[in-house]
1. Please give the length that would be gained between Glu7 and Ser47 if that part of the chain were fully extended, namely 0.36 nm times their separation in residues minus their C-alpha to C-alpha distance (nm, one decimal).
2. Have a look at Leu144, Leu112, Leu72 and report the one farthest towards the positive end of the charge dipole of the chain, computed about the Cα centre with Cβ charges (Lys/Arg +1, Asp/Glu -1).
3. Nothing charged except the Cβ atoms of Lys and Arg (+1) and of Asp and Glu (-1): what's the magnitude of the dipole of the stretch 74-117 about its Cα centre? Round to the nearest 20 debye.
4. Report, for the chain, the % of DSSP beta bridges that are antiparallel, rounded to 5.
5. If you count, for each residue, the other Cβ atoms within 10 Å and average over each peptide, how do 99-105, 118-124 line up from highest to lowest?
6. Within the stretch 136-153, whose backbone N sits under 20 Å from a point 7 Å along Cα→Cβ of Thr109?
7. Taking the Cα centre of the stretch 97-148 as origin, work out the dipole magnitude from +1 charges on Lys and Arg Cβ and -1 charges on Asp and Glu Cβ, in debye rounded to 20.
8. Under a cut-off of 23 Å between alpha-carbon atoms, report the lysines in cross-link reach of Lys78, not counting same-chain residues fewer than 8 places apart.
Amino acid sequence: MDRHLTEVNGGETAQDDGCALDALIRFYRAFNAGDLKGLEQVWLGGSDPSMDNPIGGIRRGWDQIADGYSTLFKGKTKVQVTFHDFTSQGGDEWHLFVGRERGVCQTATETLDVAFRTTRWFVRKDRGWRQLHHHGSVEDPQMLAAYQKLIFG
């Protein structure tokens, strides 16, 4: 991985060179477009993947993770984020991205700036890089309360 991006929002061009960064770009492209099929292509299938964040709690397996994304995408809010201030390290079979997301959560009447600490762990399986785990957390409890109110009503 010789590219050195400072942020990723999915608008970047994937190099299709077999690197984990392409999977990260595809994740953000699908997430920011509300594209569940695109996310399914990035996440590892079956019962192995996991996700832990303040909105979805702990989810295990692709079906639970997909259900959380589907609920978010079908709801009244639109969330757009950019991954930044991140580190990238890995080996032949794994890759870890640790950083921050910033963005906006919008409804028809409200807009909230959001910020998360984010970890995305990818493994090489199924002929490519697949996300095995995501962990997200929030530093600002007031922002989290406002975010949860917009998401959950």
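The values are calculated or read from the model by the stated rules, or taken from the named source; none is laboratory data. Worth saying up front: this structure is predicted, and the values here are computed from it rather than measured. Note that we place each Cβ from the backbone using ideal geometry, even for glycine, and neighbour counts take in every protein chain shown. With ligands, DNA and RNA removed, areas are computed over all heavy atoms of the protein, side chains included. Shrake-Rupley method; radii C 1.70, N 1.55, O 1.52, S 1.80 Å.
1. That pair, Glu7 and Ser47, stretches by 11.4 nm at full extension.
2. Leu72
3. On the way: 6 positive and 6 negative charges, 64 e Å.
With only Lys, Arg, Asp and Glu charged at Cβ, the dipole is about 300 debye.
4. Beta bridges within the chain, antiparallel portion: roughly 90 percent.
5. Order by mean packing, descending: 118-124, 99-105.
6. Counting backbone N atoms under 20 Å from the label point, the list is 145-153.
7. Values: 8 positive and 6 negative charges, 116 e Å.
Dipole size: approximately 560 debye.
8. Lys37, Lys149
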